[in-house]
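**Student:** This is the structure I have questions about; it appears just below.
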Amino acid sequence: MILKKYLPRTLLGRSLLILVVPVILVQIVTGYVFFERHWGKMIEKLCYAVTGEVAYLADVYETIDLPNVVDAYDNVRLQAINRFDLDVTFHPKERLQSAMRVSAKPGWETVVADIFVPVLNQKLERPFDLRFDFSDKWVFLDVQLSNGVMAVSLPERRIFSSSGYIYLLWVFGAAMILLITAILFMRNQVRPIRKLAAAASRLGRGQEVSYFKPEGAREVRQAGRSFIDMATRVRRQIEQRTLMLAGVSHDLRTPITRLKLAFSMMPDTPDKQDMLGDLSDMERMIDGYLEFARGEGNEQSAPHNIKELISDIVVAYQKNNANVSFSFSANDTIDLKPVAFSRCLNNIVSNGLRYGDQVWVTLGRGEDGEVFISVQDNGPGIKPEHYDDVFKPFFREDTARSQTENHGSVGLGLSIAMDIVNAHGGTIWLDKSVEHGGLSVCITLPI
């Protein structure tokens, strides 16, 4: 669970992780085996060979006792160069200034020194001074003898194998080729899934997805074809619902109109006014059903200034003497369907005015930087356990919001508002208005 928050979030990232992690583990294991069991053993054997040769030359220099010592030293030096590939210089009667000193730079020099020094201590049995210079491909070894100092210069290749370089080059080169190939192939496999997700998002917002074409692997194509079938069924169901409600409303308006005409010819009585009120309620219900069925229509999104749109709505209410105020701390231009979103805000504000006498509209920024809209009223509010239910079509909490009078609500205002907000990719929820004691309707919209 601790590592979960560090894992990639995308399918491409997780797919590459599945490919890369085993490769890295294999490289670690093979690298350990190569350097510890092969390369290290080989370097150790080279060091043993060189140390044996140096020890032999040390014994020779210590035992030279000839009339012409200089010629003997030169003869040994020539033999060392020809036979051992070692350049040896002997300095009689000298002493090492700093015995048992090892000079090695971090990296390959340090790695070889960790192997070479123990071998020298084991087989040479004399004080020595060791210096590495891999930049010039030389190693310098000064050995303290009983009759002087023997300076040995040996090529790097005598104690170091370049197979380590070759191994690392092949390992990392092959890993990079594998990673690049995997990225190219996985991007091609993930692209159809991204297109499917984008098409599903467009369908959820009520937009057309006719451009979508199944592609990719067999399973992804199957999911794409299933999505197209689902989108077709959803559009058919929406069209059938709209046609049904439109037909019902048309069939009901005709008898309502006849009844209104008949009532207009009757003398004024209390019963007549009650029946006319019932007919008006029926017309209002039919209008609500049609508005719910109509949804957003064919309106297309376009960039709009959210502050100006909300301000126009508030000004329209204020012209009708409604007590609606507006405050803002953001001024963003986002993609909106202005008619649909205006209908959403009108439904929310009108609900607030229906159950209270004042509404406060606030525009700002949310915690994640998105557009945040709050519509608060000073009405009786709604019980918290019904916050989710009021977004269901035809649900009305009359006991809490309308205890003494009938406000003529059909129960579709917040349902329509939720559909419109969801179609814009936003979210809507209810909360208690701490400042004004009523209900607070909160909306977030992506920028």
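Every read-out reported here was derived from the displayed coordinates using simple, explicitly stated rules and does not represent laboratory data. Keep in mind it's a predicted model, so treat the numbers as computed, not measured. In this analysis, Cβ positions are derived from the backbone assuming ideal geometry, glycine residues included, and neighbour counts consider all displayed protein chains.
**Student:** With a cut-off of at most 13 other beta carbons within 10 Å, and DSSP calling the residue loop, which trypsin sites (Lys or Arg not before Pro) in the stretch 69-103 qualify? Please list them.
**Tutor:** 93, 95
**Student:** Name the residue, out of 331, 346, 121, whose mean-square fluctuation peaks in a Gaussian network model built on the chain with Cα pairs under 10 Å.
**Tutor:** Result: 121 has the largest fluctuation of those listed.
**Student:** Loop sites only, by DSSP: take the GluC sites (Glu not before Pro) in the chain that have at most 13 other C-beta atoms within 10 Å and name the longest stretch containing none of them. Could you put the intermediate results ahead of the total?
**Tutor:** Values: sites that count: 125, 208, 215, 367, 405, 435.
In the chain, the maximal stretch lacking such sites is 216-366.
**Student:** Here is a follow-up. What does the helix-only formula give at 222 nm for the chain: each DSSP H stretch with n ≥ 4 adding -39500 (n - 2.57), the total divided by the residues, and the result rounded to the nearest 500 deg cm²/dmol? Can you show the working numbers first?
**Tutor:** Values: 11 runs with 234 residues, N = 447.
So the helix-based figure for the chain works out to -18000 deg cm²/dmol.
**Student:** Starting at the first residue of the stretch 212-217, write each ³J(HN,Hα) from the Karplus equation 6.51 cos²θ - 1.76 cosθ + 1.60 with θ = phi - 60°, in whole Hz, x for Gly and Pro.
**Tutor:** 6, 9, x, 7, x, 5
**Student:** State, in angstrom, two size descriptors of the stretch 31-160 derived from its alpha carbons: Rg to one decimal place and Dmax to the nearest whole number.
**Tutor:** According to the Cα coordinates of the stretch 31-160, Rg and Dmax are 15.1, 56 Å.
**Student:** Check the straight Cα-Cα distances from residue 93 and name the aspartates and glutamates below 15 Å, setting aside those fewer than 8 residues away within the same chain.
**Tutor:** 62, 65, 142
**Student:** Ok, one more. For residue 138, enumerate residues with amide H under 5 Å from its amide H, sequence gap 5+ or separate chain, H modeled in the peptide plane.
**Tutor:** Sorted by chain and number, the residues that satisfy this are 133, 156.
**Student:** So if each residue of separation counts as 0.36 nm, and I subtract the Cα-Cα distance between residue 275 and residue 383, what length gain in nm does that give?
**Tutor:** Working it through step by step, the gained length comes to 35.5 nm.
**Student:** Same structure again: On full extension of the chain, what length is gained from residue 94 through residue 230, given 0.36 nm per residue of separation minus the C-alpha to C-alpha distance?
**Tutor:** Extra length from residue 94 to residue 230 when fully extended: 39.5 nm.
**Student:** Let me ask another. Would you kindly derive the ³J(HN,Hα) couplings of the stretch 93-110 from the backbone phi angles with the Karplus curve 6.51 cos²θ - 1.76 cosθ + 1.60 (θ = phi - 60°), listing them in order in whole Hz, with x for Gly and Pro?
**Tutor:** 6, 9, 10, 5, 6, 9, 6, 6, 9, 10, 10, 9, 7, x, x, 4, 4, 5
**Student:** Now a separate question. Wrap a convex hull around the Cα atoms of the stretch 298-445, take a quarter of its surface area, and give that in square nanometres.
**Tutor:** On the way: hull surface 34.9 nm².
Projected area, direction-averaged: 8.7 nm².
**Student:** Would you compute, for the Cα atoms of the stretch 191-279, the largest minus smallest coordinate along each principal axis and list the three values in descending order, in whole Å?
**Tutor:** Largest first, the stretch 191-279 extends 76, 17, 17 Å along its Cα principal axes.
**Student:** Compute the acute angle (0 to 90°) between the alpha-carbon long axis of helix 413-423 and the principal axis of greatest extent of the alpha-carbon atoms of the chain; round to the nearest 10°.
**Tutor:** Tilt relative to the chain: about 30 degrees.
**Student:** Report the Stokes-Einstein translational diffusion coefficient (µm² s⁻¹, integer) for the stretch 114-166, Rh taken as the Kirkwood radius over Cα pairs, at 10 °C with viscosity 1.306 mPa s. Spell out each step's value before the answer.
**Tutor:** Details: Rh = 12.2 Å.
Reported coefficient: 130 µm²/s.
**Student:** Same structure again: Starting at the first residue of the stretch 169-178, write each ³J(HN,Hα) from the Karplus equation 6.51 cos²θ - 1.76 cosθ + 1.60 with θ = phi - 60°, in whole Hz, x for Gly and Pro.
**Tutor:** 4, 5, 5, 6, x, 5, 5, 5, 4, 4
**Student:** Step by step: find N for the stretch 77-229, compute 2.2 N^0.38 Å, then divide the Cα radius of gyration by it. What's the final number?
**Tutor:** 2.20
**Student:** Taking the 0 to 90 degree range and rounding to the nearest ten, how far is the long axis of helix 11-32 tilted relative to the main principal axis of the chain, both from C-alpha atoms?
**Tutor:** 20
**Student:** Would you mind checking the tilt of helix 270-294 against the longest principal axis of the Cα atoms of the chain, expressed as 0 to 90 degrees and rounded to 10?
**Tutor:** 30
**Student:** Write down the radius of gyration of the chain and its Dmax, each obtained from C-alpha positions, in Å.
**Tutor:** Computed over the Cα atoms of the chain, radius of gyration and Dmax are 44.1, 157 Å.
**Student:** By how many nm would the segment from residue 48 to residue 252 grow when fully extended, if each residue of separation counts as 0.36 nm and the alpha-carbon distance is taken off?
**Tutor:** Contour length minus the Cα-Cα distance gives 62.8 nm.
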